[in-house]
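Everything on this sheet refers to the single structure shown next.
The values are calculated or read from the model by the stated rules, or taken from the named source; none is laboratory data. Source: prediction; values computed, not measured. So basically every Cβ, Gly included, is an ideal-geometry build from the backbone, and we count neighbours across all protein chains shown.
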Amino acid sequence: MGYSYGANKYNRLLETIKRSIAIGTIMNTVFAILFFAFSGLLIRVFINDANVIDLGEKIIRAFVLAMLFLGIQMVLMVTFQSLGKTVESLIISLGRQGLFFIPALIIFSSLWGFYGFIFAQPVADIATTSLSLTLFLILKKKLLISSEEIAVKDV
């Protein structure tokens with residue numbers, strides 16, 4: 001991504017991002033299905049307490065909801081890093097565990113107790129992915145404008 005950006009090959013950069021997001025989303029979807037289907041078995045590998053298994057299944061199944069979006073979030077965070085867009089990358093990094101997670105944890109756990117606690121992380125991940133997409137669309141618009149300007153200069 002960095003090489004494409006540095007060489008002003010913005011179409012190649014955007015295609016790489018698109019493919020990376022597609023591959024990441026497919027991989028995460030497969031893992032989400034496996035984790036959802038076999039959550040109890042995964043926990044039993046480590047502990048065989050019925051109460052822990054029951055709670056663990058609920059937690060894993062809540063977390064897999066956000067797995068579908070993590071491929072997008074991670075690819076876009078790495079994209080901003082590789083393009084030297086440190087502010088955007090930092091915002092995305094902080095979004096997941098700070099900007100969205102801590103407020104969601106406080107609000108949701110006070111409203112819904114245990115279920116609020118376990119759904120705070122997936123909600124924070126989905127919110128961070130939305131923020132990532134917003135920042136990326138702004139970047140994409142700038143890249144497309146720059147690409148047009150470069151094409152005009154080359155003519």
So, in region 55-83, of the ones that are in contact (Cβ under 8 Å) with a residue 24 or more places away in the chain and among the small types (Gly, Ala, Ser), which residue ends up nearest to residue 21 (Cα to Cα)? 71
Would region 15-35 turn up any residue that is part of a helix (DSSP H, G or I), touching a residue at least 60 places away in the same chain (Cβ under 8 Å) and closer than 30 Å to residue 141 by Cβ? yes
(1) more than 30 Å from residue 142 (Cβ to Cβ); (2) surrounded by fewer than 13 Cβ atoms within 10 Å (Cβ to Cβ); (3) modelled with pLDDT of 95 or more: which one isn't true of residue 112, the others all being true? (2)
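If you check 84, 95, 71, which single one turns out to be farther than 30 Å from residue 40 by Cβ, part of a helix (DSSP H, G or I) and at pLDDT below 95? Full working, then the answer.
Working: 84 fails: part of a helix (DSSP H, G or I); 71 fails: farther than 30 Å from residue 40 by Cβ.
Only one candidate passes the filter, namely 95.
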Could you pull out the residue among 118, 107 that is among the aliphatic types (A, V, I, L, M) and either closer than 29 Å to residue 23 by Cβ or modelled with pLDDT under 95 (or both)? 118
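Hey, can you tell me all the residues within region 48-101 that are more than 16 Å from residue 2 (Cβ to Cβ), polar (S, T, N, Q) and surrounded by fewer than 18 Cβ atoms within 10 Å (Cβ to Cβ)? Working first, answer last.
Narrowing region 48-101 to residues more than 16 Å from residue 2 (Cβ to Cβ): 48-74, 87, 90-101.
Keeping just the survivors that are polar (S, T, N, Q) gives 48, 51, 73, 93, 97.
Of everything in region 48-101, those that are more than 16 Å from residue 2 (Cβ to Cβ), polar (S, T, N, Q) and surrounded by fewer than 18 Cβ atoms within 10 Å (Cβ to Cβ) turn out to be 48, 51, 93, 97.
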